[in-house]
Amino acid sequence: MIWVSYEQNAGISLKRDRYDAPPAASTSLVTALIPFFLLLAADAPSQTWSQWGGPTRDFKIAPAPSLAATWPATGPKALWRRELGDGYSSFVSDNGSHLFTLYKKGETTVVLALEAGTGKTLWETTFDSPFIKGEMNPTMGTAPASTPLVSGDRVFAITFTGRLVSLDRKTGKSIWEQDLWKQYGGTIVEYGYTNSPLLYRDMIILPIGGENRAMAAFRASDGKLVWKRATADNGMTSPIVVDMNGQAELVTVMKDVVLGLDAKTGDSLWSIQHKNRTDTNVSTPVWAGNNTLLVSSAYDSGTRAIKLTRTGGKTEAKELWFNPRIRVHVGNILVRGDVAYASSGDFGPAPVTAFKVETGEILWQVRKFAKANFVDAGSKIVALDEEGKLILATLSPSGVEVLADTQALTKPAWTPPTLIGTKVFIRDRKSMAAYELGAQ
């Protein structure tokens, strides 16, 4: 399973996870930290989408919301719509009442807080993020793509030029900052910093890139560096933490390699090569069950399955299969049992593809809609394709059935939907909207 720490939904907790040895006596340390823990845990949300990929970072909602079986010809009920500056960052939420995202204003990255019910701005905090000539590529815009993380009374975000910031959730006031590019010499990615931060225990973990700093962890309370480890240039994907037979392993796809690290210490555990000619590893790795990882890229790359085994306290990684016909570009992979689903293709109509997790065998490919991102809502999926079409569909080993769709946004719409209860929040590069998807 994907490891979900105690901290993900209620801030940083005093509880210890099952990977810990018995705690040593440290009464003074606990006493000193109690005020901070209480601050973060004060309003634990009942429903949330607090990070990239949702509650468990894999775009799955459980328990499944009760969505309508279809929509009227005019589409689902529109709640609100508003203009927004350029950006690809998705929405996160605390308890369903507020939303947080990023957008570009001039040469600044704006962290935005809004009312989920109305789209009204609550606060904005801006950070200088000037385009770096000679180092960056303006082809696909110069807008922020990292998705924030909300935990307790904090919002953690990363600007277009790699500044990690911790903000007060209610006011947007900056609490601490770390500059991943200037301060730590991280990899300057030509399309800007696109990785989304991960909260594990009391640490914010994210890629930096470079020698002995491929990945780093910062203490959530004050931003202090906890560890930086491994050597690899940064890519464009976001890390996950998986449970590997009792070992919490951090998995991330860098520019040309997949890394497995000890989530607590950052110590290297394993690595597997995964590269393409454009240096655009974008899609988040997927923990597919049975100790199997799925990693995918577009262009001259493809999808590979990595099998992990753990014996004698060590993890070994081996390539299980590689299929160049499955190329996930800017989308995500959904896994249901022993079958995975994704949009496969670089540009143009990308067929929805189903394939077996254990073998990579393609079961079917159909062009029902453009390249898309998916959210698994139980018996149904909610998808947003790059043309801006919002889609309600079912997926099965035998095919895909589109139950309803509506033209909600304009091209390009590369940001995954955020589904909170029966409400979906979506955006393209210029605007955002909210819809009610429950039975009317």
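Could you pull out the residue among ASP202, ASP233, ASP168, ASP179 that is farther than 19 Å from SER90 by Cβ and touching a helix residue (DSSP H, G or I) at 6+ places or on another chain (Cβ under 9 Å)?
Unique residue meeting the criteria: ASP202.
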*asked:* Looking only at region 316-341, count every residue that is part of a strand (DSSP E or B), under 19 Å from the mean Cα position of the chain (by Cα) and among the charged types (D, E, K, R) and tell me the total.
replied: 1
*ILE326 versus (1) within 23 Å of VAL424 (Cβ to Cβ); (2) crowded, with 22+ Cβ neighbours inside 10 Å: which is the lone unmet condition?*
(1)
_I need the full set of residues from region 253-276 which are over 25 Å from VAL328 (Cβ atoms) and not basic (Lys, Arg), in order please._
ASP262, THR265, GLY266, ASP267, SER268
*Does VAL335 meet the test of being touching a residue at least 60 places away in the same chain (Cβ under 8 Å) and surrounded by 16 or more Cβ atoms within 10 Å (Cβ to Cβ)?*
yes
_Here is a check on your reading of the model: is SER344 of a type in the set (S, T, N, Q), within 21 Å of the chain's Cα centre (by Cα) and either surrounded by fewer than 22 Cβ atoms within 10 Å (Cβ to Cβ) or closer than 19 Å to PRO72 by Cβ (or both)?_
no
_Output for region 121-148, where each listed residue is surrounded by 12 or more Cβ atoms within 10 Å (Cβ to Cβ) and either over 17 Å from TYR103 (Cβ atoms) or charged (D, E, K, R) (or both)_ = GLU124, ASP128, ILE132, MET136, ASN137
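How many residues does region 62-93 hold that are in a loop (DSSP other than H, G, I, E, B), open to solvent by 30 Å² or more (accessible area, probe 1.4 Å) and out of contact with any Ser or Thr (no Cβ under 6 Å at 6 or more places or on another chain)?
To start, the set of residues in region 62-93 that are in a loop (DSSP other than H, G, I, E, B) comprises 62-66, 68-76, 84-91.
Remaining after also requiring open to solvent by 30 Å² or more (accessible area, probe 1.4 Å): 62-64, 66, 69-70, 72-74, 88.
Right, trim to out of contact with any Ser or Thr (no Cβ under 6 Å at 6 or more places or on another chain) and you get 62-64, 66, 69-70, 72-74.
Residues in region 62-93 being in a loop (DSSP other than H, G, I, E, B), open to solvent by 30 Å² or more (accessible area, probe 1.4 Å) and out of contact with any Ser or Thr (no Cβ under 6 Å at 6 or more places or on another chain): 9 in total.
Hey, among the residues in region 214-234 that are closer than 18 Å to SER146 by Cβ and outside any strand (DSSP E or B), which one's farthest from the chain's Cα centre (by Cα)?
Let us first name the residues in region 214-234 that are closer than 18 Å to SER146 by Cβ, namely 214-218, 220, 223, 233-234.
Next cut, outside any strand (DSSP E or B) only: 214, 220, 223, 233-234.
Working: ALA214: 18, ALA220: 18, GLY223: 21, ASP233: 19, ASN234: 16 Å.
Going through the qualifying residues, I end up with GLY223.
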*Of residues in region 179-221 being among the aromatic types (Phe, Trp, Tyr) and touching a Ser or Thr at 6+ places or on another chain (Cβ under 7 Å), the one surrounded by the most Cβ atoms within 10 Å (Cβ to Cβ)*: TYR193
*Could you look through region 384-403, keep only residues that are in a strand (DSSP E or B) and open to solvent by less than 10 Å² (accessible area, probe 1.4 Å), and pick out the one that is nearest to PRO351 (Cα to Cα)?*
ASP385
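Residue by residue, here is whether (1) modelled with pLDDT of 95 or more; (2) open to solvent by less than 30 Å² (accessible area, probe 1.4 Å) holds:
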site	(1), (2)
MET236	no, yes
GLU249	yes, yes
MET254	yes, yes
ALA263	yes, yes
ILE272	yes, yes
LYS275	no, no
ALA298	no, yes
GLY302	no, yes
LYS314	no, no
_Top-ranked residue in region 347-366 [being among the small types (Gly, Ala, Ser) and modelled with pLDDT of 95 or more; ranked as surrounded by the most Cβ atoms within 10 Å (Cβ to Cβ)]_ = ALA354
*Given the structure, is LEU259 surrounded by 15 or more Cβ atoms within 10 Å (Cβ to Cβ), within 26 Å of THR147 (Cβ to Cβ) and either hydrophobic (A, V, I, L, M, F, W, C) or at pLDDT 90 or above (or both)?*
yes
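The values are calculated or read from the model by the stated rules, or taken from the named source; none is laboratory data. If you're wondering where the values come from, they're calculated on a predicted model, not measured in any experiment. Reconstructed Cβ throughout: ideal geometry from the backbone, glycine too, with neighbour counts over all protein chains shown. With ligands, DNA and RNA removed, areas are computed over all heavy atoms of the protein, side chains included. Shrake-Rupley method; radii C 1.70, N 1.55, O 1.52, S 1.80 Å.
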